[in-house]
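Notes follow the structure.
The values are calculated or read from the model by the stated rules, or taken from the named source; none is laboratory data. These numbers come from a predicted model, not from an experiment. FYI the Cβ positions are ideal-geometry reconstructions off the backbone, even for glycines, and counts take in every protein chain you see.
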Amino acid sequence: MEYPKELTAKTIAQVLENVAAAYKIKGEDFFRIRAYENAAAAIRHSGEDIKQLWQQGKLEEIPGIGPNIAQHLDELFRTGKVKHFDQVTKGLPDGMFELLKVPRIGPKTAYKLAKKFHLNRAQTAIEELKKYAARGKIRELPSFGEEKEKDIREILESFTLRPPERLLLVEAQKYADEVINYMRRSRSCEQIEALGSLRRQAPTIGDVDLAATSKIPAKCMAAFVAYPKVKEVLASGENTARILITNNVQIDLKIVPQEVFGSLLQHFTGSKQHNILLREYAIGKGYSLSEYGIKKIKDQSASWRTKIKNLNQKAENFRFTDEKKFYNFLGLNWIPPELREGTNEIEVSLAKKLPQLIELKQIKGDLHVHSNIHIETSHDEGESSLGQLAAAAGNLDYEYLGISDHNPRTSEITEKKVLEVLRRRKEDIDKFNYSSENNVNKRGKKLYMFHALEVDIKPDGSLALPEKAFPMFDFLIASVHSSFRQDKKKMTDRIIRALEFPKVKILGHPTGRMLEQREGFELDWERIFAICKKKEIFLEINAWPQRLDLPEHLVREAIKAGVKCIINTDSHAASQLSLMRFGVAVARRGWAEAHDIINTLPLKKFKSIMEID
């Protein structure tokens with residue numbers, strides 16, 4: 001088995017899944033297989049910086065990671081490989097593990113195909129198998145046949161057509177919203193909802209899965225496969241269908257009766273780890289869960305494995321039209337999808353202490369917005385005028401905006417010129433605040449624009465702005481835009497030095513990550529939280545689709561540490577102010593309530609907490 005060059009949550013999860021598959025092929029104990037599968041699922045969907053947890057000795061804090069797996073992961077981080085994993089996968093062709101990435105190809109099928117066709121190189125395994133399928137060779141294998149060969153050929157074609165990376169949340173949401181709105185206009189379904197990681201609002205999404213209820217399922221299914229942007233109908237039956245649409249995005253639809261919609265929503269929303277824990281909790285109460293409802297287990301004295309085997313198939317199946325009734329039946333409060341990641345949400349629900357998660361409608365303003373005021377910025381300028389930004393903010397019923405363009409290019413223009421362009425910019429914003437052009441929001445109040453700036457944190461921790469300029473601003477956002485590869489201590493020292501400067505009130509996109517492009521840099525978060533709390537500096541939850549930074553697990557840690565956050569869009573155009581919903585999604589996944597997010601405050605209170613006269 002080949003090891004990944006870069007150890008991320010995604011690649012580490014793949015390694016553990018490969019080990020679980022190898023155990024299956026070699027007939028290992030069920031519980032050991034399940035342990036590795038659970039650990040892989042927990043890591044893949046944790047949203048955690050796994051390397052940082054390893055460095056802190058906290059790997060076992062991830063649900064599903066016990067001492068043995070933590071020890072193996074320690075070896076993986078230290079040496080790039082694991083002797084025990086090498087022993088487990090010894091004798092298995094590398095191509096088998098590549099085939100496991102293809103949907104609906106399980107370990108045994110992958111092993112048979114890889115062994116028969118000598119798929120020993122992971123890099124070429126899929127393309128080689130496609131050639132064997134095209135020549136009709138797969139059907140010759142025992143227990144395969146022509147029909148299975150056709151299925152495998154279609155799966156392989158679909159897999160290689162798909163985008164190489166996962167969809168960003170904003171992309172998946174757009175595709176789902178378009179299909180959902182289309183289906184609602186067709187009047188063929190009563191309810192339709194997203195499922196899986198999209199419903200949980202995870203930062204990245206695989207395929208888009210939908211569920212609907214309909215009294216006329218045939219008409220509903222016909223409408224779905226006739227969606228105008230369909231490139232190919234991959235599968236279509238009475239109650240399920242799969243389509244490939246623009247940009248080779250795969251969308252699945254399940255149609256069920258209304259009476260089981262709640263059960264199905266719960267089951268297919270996940271996460272896998274949440275469902276495992278919920279299932280174990282239900283078994284303890286004498287119930288078995290499925291997408292069809294809840295059944296009473298016949299033999300209460302048996303072990304949980306025997307309970308499942310002895311499940312009375314004729315027992316009453318309790319059905320649920322909505323999720324709230326499903327969770328309430330088990331003695332739990334309804335758990336919002338964003339919290340269903342297999343941490344401690346079930347225990348908190350049982351104790352009736354779930355947070356009142358922040359909602360989009362509670363946001364009063366956006367403090368990280370770029371305008372088209374020309375100040376020779378160090379990075380990209382905004383596209384929209386103050387008037388256009390104000391109009392968009394008015395439509396969102398905001399009370400305030402922070403105009404936070406990038407700092408001028410201090411390395412290319414003189415300090416005198418920097419101060420001059422910044423004064424002119426301040427005049428423009430001040431004039432706008434008192435002009436008739438300033439749009440009113442839905443409550444008839446004028447929008448207030450703060451004079452702010454996003455300032456680069458230089459490699460040594462100084463700010464790319466003359467100190468003489470500091471007093472003219474309401475506040476500064478300090479952000480790292482370069483030298484991302486500094487070690488943990490150096491980067492932490494760098495940021496702490498920057499946060500000591502006057503007027504700095506927000507740490508922008510704090511980890512520097514770019515989803516599907518760049519891992520975030522490592523920081524000593526205890527030190528960062530400490531200075532933020534001491535100086536009342538706020539951690540940004542940046543809603544820009546490629547960032548969604550601060551990650552949700554750090555949002556939760558910040559809240560526990562008593563640090564407040566602020567949700568901003570980092571918009572470079574007026575239309576992008578609507579991205580706020582995705583920042584709110586991150587905050588909700590981080591268990592944030594309205595009082596944890598400072599831009600839920602009305603203007604007067606916000607000015608007070610930002611120390612603005």
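Quick notes
- Screening Leu523, Leu507, Leu539 for residues that are buried (at least 17 other Cβ atoms within 10 Å of the Cβ) and farther than 21 Å from Ser404 by Cβ leaves exactly one candidate, Leu523.
- On the stretch given as the stretch 529-547, residues that are of a type outside the set (A, V, I, L, M, F, W, C) and under 26 Å from Gln517 (Cβ atoms) total 5.
- Filter pass, Ile413 being assigned by TED's automatic domain parsing to the domain that holds Ala469, surrounded by fewer than 20 Cβ atoms within 10 Å (Cβ to Cβ), assigned to a loop (DSSP other than H, G, I, E, B) and of a type in the set (A, V, I, L, M, F, W, C): yes
- Residue within the stretch 228-248 that is among the charged types (D, E, K, R), modelled with pLDDT of 95 or more and not in a strand (DSSP E or B) present: no
- Among the residues making up the stretch 460-503, those that are in contact with a strand residue (DSSP E or B) (Cβ under 9 Å, 6 or more places away or on another chain) and among the charged types (D, E, K, R) are Asp474, Arg494, Arg497, Lys503.
- Of the residues making up the stretch 481-506, those that are within 15 Å of Ala464 (Cα to Cα) and modelled with pLDDT under 95 are His481, Ser482, Ser483, Pro502.
- Scanning the stretch 124-145 turns up no residue that is without any contact (Cβ under 8 Å) to a residue 60 or more places away in the chain, assigned by TED's automatic domain parsing to the domain that holds Lys231 and either more than 18 Å from Pro337 (Cα to Cα) or of a type in the set (S, T, N, Q) (or both).
- Total residues in the stretch 363-385, condition touching a helix residue (DSSP H, G or I) at 6+ places or on another chain (Cβ under 7 Å), surrounded by fewer than 23 Cβ atoms within 10 Å (Cβ to Cβ) and either among the hydroxyl-bearing types (Ser, Thr, Tyr) or closer than 17 Å to Glu427 by Cβ (or both): 4
- When Thr600, Thr569 are checked against the criterion of being in contact (Cβ under 8 Å) with a residue 40 or more places away in the chain, outside the structural domain of Pro203 (by TED's automatic domain parsing) and in contact with a Gly (Cβ under 8 Å, 6 or more places away or on another chain), Thr569 stands alone in meeting it.
- The stretch 571-613, subset assigned to a loop (DSSP other than H, G, I, E, B), touching a helix residue (DSSP H, G or I) at 6+ places or on another chain (Cβ under 8 Å) and at pLDDT 95 or above, residue nearest to Leu396 (Cα to Cα): Leu601
- Looking across the stretch 416-431, the residues that are surrounded by fewer than 20 Cβ atoms within 10 Å (Cβ to Cβ) and either of a type in the set (A, V, I, L, M, F, W, C) or over 20 Å from Val504 (Cα atoms) (or both) come down to Lys416, Lys417, Leu419, Glu420, Val421, Arg424, Glu427, Asp428, Ile429, Asp430, Lys431.
- Test: residue in the stretch 171-188 that is in contact with a strand residue (DSSP E or B) (Cβ under 8 Å, 6 or more places away or on another chain) and hydroxyl-bearing (Ser, Thr, Tyr): yes
- Look at the stretch 455-473: where a residue is in a strand (DSSP E or B) and a partner is among the aromatic types (Phe, Trp, Tyr), sitting 6+ places away or on another chain with Cβ atoms under 7 Å, you get Leu463/Phe501.
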